[in-house]
Each structure stands twice: as C-alpha cells, then as structure tokens.
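Q: One structure is given below, represented as structure tokens, and several questions about it will come after.
The values are calculated or read from the model by the stated rules, or taken from the named source; none is laboratory data. Just so you know, these numbers come straight off a predicted model, no measurement behind them. Glycine gets a Cβ as well: all are built from the backbone with ideal geometry, and neighbour counts include every protein chain shown.
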C-alpha cells in the first residue's frame, strides 16, 4: 500500500489506517450494530493481518478499553513496520468517559500509553477533544505539555482530534497533524483541510464511512481523492472488509 508523508512531520503513513477501537471496547459505542469483543488471540491475529496488508498507521487511545494493551502484546515485535497514533485527554472507566487536560494527567497518560504499547516513543499523540476544542487549546496546559513531551523525545508529532472547524484552525499554528471527521455527507472541515495542507500540517480522516452508513468503496475514494488527506482511518473486525478498503484506496490513486 502506498505511504505518504504526514505533513511536515517526517512520519510516513499508509493511505488507509487501522482504527483499533473495536479490538478494545464495545460499551457506549456509536455504531448501528453491537459487536462482541475479540479475544486476545483474535486481536493479535487481526493486527498482524492488518500489517501484512501494508497498513502502517495504527490509531488507538487510552479511552478505547484494552486496545493499547492488545496492540502492545500483539505487534510490538513488528514496531518498525507501523506508526502509532494515540491520544490524551479522555479516560473511559466503569462505562463512562471523563476528560482531563491538565499537565499532570497528560504526562501520566503518555507514560502509561508507552508502557501499554510496549514502545519507547509514540509517533503521533493527539488531543482527544470533548467537543470544546477552543477551550482546551486556549485555556488548558494540554498543548504546552504535549510540546514539552515532543521536545523530550517521547512523542514525535502532536495534534488535535477535534470536533469543530474552528478548533482545527486554531491548532494549525502548533499541530503537526489534525484528525477530523470528513465524508460525503459532512464536508464542514473542507476549507481548514486545505489550510492545513498549505501549512504542512498532516490530515488524518476519522469516521470517513459515517460509522458504516456509507458505501465503503465510494466513501474511501471520496476521502482519498482530497489531496489534503494523508490517511483515512477505518475500524473493522472483518479482515475482508479491510481488504476491500485497501483495494478502494489503491483505485483512488
């Protein structure tokens, strides 16, 4: 699978990334259909098959249940084959999310992710927004703390996984990458995506299939035909579906 640079970060990512939510959590989900969590063995087999497909961006978060632990256990021995993207700010415990953006929490979150993922460095760490993007960026320690962690070498690139075009635009002066929702039925971020491309900020698309509501082939081609997009993250427990996504990505070139 083709790899492209994520903005000016120096990190190469595959055009399709793997979203590792479903290997770690099935509570409080936004998918139309529920699903059973795979076993540790099934998760490891799927993750290795994902790498074998040429997918080289793995997206996870502490709020994705046991996702980070399973990635660390399943594919840390192949660490040089993929870029890791995780997040800070959201904690999911006892079936509920809570959000914290103070310096101590952000540092503890990164240190815990490094241990769970069994790695010495996190390639990409994004702010996991609660929806109040501008408040987080302007009035918490989160950005400054991520910049410090990058300077210390624990993180290679930082950015925002936000909710609003205004938040994405406000992140352009410090972020290496943005993760935004973008698909056929929601093009609200299109203008800021172009601004990000011009600024050398990488764009990773989430929810490009609208939680499975869109035709996969058409949706993948729509997202990746936008030259501002470096990678589109898709999450599935079905390897055949992932193969189809990879094929659709290849046809969009």
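Q: Residues of the range 137-151 being farther than 22 Å from residue 114 by Cβ and within 19 Å of the chain's Cα centre (by Cα), which ones?
A: Result: 137, single match.
Q: For the range 1-115, list the strands (runs of 3 or more DSSP E) that sit wholly inside it and hold at least 2 residues that are in contact with a strand residue (DSSP E or B) (Cβ under 9 Å, 6 or more places away or on another chain), modelled with pLDDT of 95 or more and buried (at least 22 other Cβ atoms within 10 Å of the Cβ); which are they? Lay out the reasoning, then the answer.
A: Working: elements: 3-5, 12-14, 16-19, 57-59, 83-88, 90-93, 96-99.
Passing ranges, in order: 12-14, 16-19, 57-59, 83-88.
Q: Let me spell it out: the conditions are (1) surrounded by fewer than 17 Cβ atoms within 10 Å (Cβ to Cβ); (2) closer than 28 Å to residue 248 by Cβ, and residue 166 meets all of them except one. Which number is the exception?
A: The one condition residue 166 does not meet is (2).
Q: So, one more: Which one of these is touching a helix residue (DSSP H, G or I) at 6+ places or on another chain (Cβ under 7 Å), crowded, with 21+ Cβ neighbours inside 10 Å, modelled with pLDDT of 95 or more and more than 16 Å from residue 161 (Cα to Cα): 224, 209, 239? Break it down into steps so the answer makes sense when it comes.
A: Numbers: 209 fails: modelled with pLDDT of 95 or more; 239 fails: crowded, with 21+ Cβ neighbours inside 10 Å.
Criteria check complete, one pass: 224.
Q: Which of (1) surrounded by fewer than 22 Cβ atoms within 10 Å (Cβ to Cβ); (2) in contact with a strand residue (DSSP E or B) (Cβ under 8 Å, 6 or more places away or on another chain); (3) free of Cβ contacts under 8 Å to residues at least 60 places away in the same chain does residue 137 not meet, given it meets every other one?
A: (1)
Q: If you go through the range 116-129, how many residues are outside any helix (DSSP H, G or I) and either surrounded by fewer than 16 Cβ atoms within 10 Å (Cβ to Cβ) or over 15 Å from the mean Cα position of the chain (by Cα) (or both)?
A: Going through the range 116-129, the residues outside any helix (DSSP H, G or I) turn out to be 118-129.
Those left that are additionally either surrounded by fewer than 16 Cβ atoms within 10 Å (Cβ to Cβ) or over 15 Å from the mean Cα position of the chain (by Cα) (or both): 118-121.
Final tally of qualifying residues: 4.
Q: Out of curiosity, is residue 80 free of Cβ contacts under 8 Å to residues at least 24 places away in the same chain and within 23 Å of residue 11 (Cα to Cα)? Please lay out each step first, then the result.
A: On the way: free of Cβ contacts under 8 Å to residues at least 24 places away in the same chain: yes; within 23 Å of residue 11 (Cα to Cα): yes.
In short, yes.
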